1. How about the range 47-79: which of its residues are exposed (fewer than 13 other Cβ atoms within 10 Å of the Cβ) and of a type in the set (Ser, Thr, Tyr)?
2. As an exercise: evaluate Lys9 against (1) assigned to a helix (DSSP H, G or I); (2) exposed (fewer than 12 other Cβ atoms within 10 Å of the Cβ); (3) of a type outside the set (Phe, Trp, Tyr) and give the number of the one condition it does not meet.
3. Go through the range 28-71 and count every residue that is in a helix (DSSP H, G or I) and acidic (Asp, Glu).
4. Which one of these does Ala44 not meet: (1) surrounded by 13 or more Cβ atoms within 10 Å (Cβ to Cβ); (2) within 30 Å of Gly115 (Cβ to Cβ); (3) modelled with pLDDT of 90 or more?
5. Quickly run through the range 103-118 and pick out the residues that are without any contact (Cβ under 8 Å) to a residue 40 or more places away in the chain and surrounded by 14 or more Cβ atoms within 10 Å (Cβ to Cβ).
6. Name the residues in the range 69-102 that are without any contact (Cβ under 8 Å) to a residue 12 or more places away in the chain and either hydroxyl-bearing (Ser, Thr, Tyr) or at positive phi (or both), would you?
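The values are calculated or read from the model by the stated rules, or taken from the named source; none is laboratory data. Only a predicted model underlies this, so the values are computations on that prediction, with no experimental measurement involved. Positions of Cβ are generated from backbone atoms using ideal geometry, with glycine treated the same way; all protein chains shown enter the neighbour counts.
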Amino acid sequence: MFWGQLAIKALVSGVLIAAASEVARRSPGWGGLIASLPLVSTLAMVWLWRDTGDTARVADMALSSSLYVAASLPAFVLLAVLLRKGITFPLAMTAFAICGWLGYRLMQIGGARFGWPV
């Protein structure tokens, strides 16, 4: 891959993340909305199709992204609950990471059983 294309991909992706965090400083609801939009997935699928032209691969990526989103949802709920209960941020983030990892791992195990592209 041409390094200029990689730099453009990184710049566009980074701008979206920075925008979400800046908006969230002013309005957590709007920041959450921006962060929840499938912008990264959409961009990744566009880049993948542009680089490979393989629509089957893009379809598999779309399905696996959906499955991993479902697997990570409990981690976000856990983080919110722990922070609202007064658990320190580092400890809550550690629990979030562990819960997210477990969700991903369970999805990989289940996905292998059902033939899903995870």
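1. If the condition is that a residue be exposed (fewer than 13 other Cβ atoms within 10 Å of the Cβ) and of a type in the set (Ser, Thr, Tyr), then Thr52, Thr55 are the ones that fit.
2. All conditions pass for Lys9, except number (2).
3. Just the residues of the range 28-71 that are in a helix (DSSP H, G or I), to begin with: 28-36, 39-52, 55-71.
Checking the rest, the ones that are also acidic (Asp, Glu) come to 51, 60.
Qualifying residue count, the range 28-71: 2.
4. It is condition (3) that Ala44 fails.
5. Within the range 103-118, Gly103, Tyr104, Gln108 qualify.
6. Of everything in the range 69-102, those that are without any contact (Cβ under 8 Å) to a residue 12 or more places away in the chain and either hydroxyl-bearing (Ser, Thr, Tyr) or at positive phi (or both) turn out to be Gly86, Thr88, Thr94.
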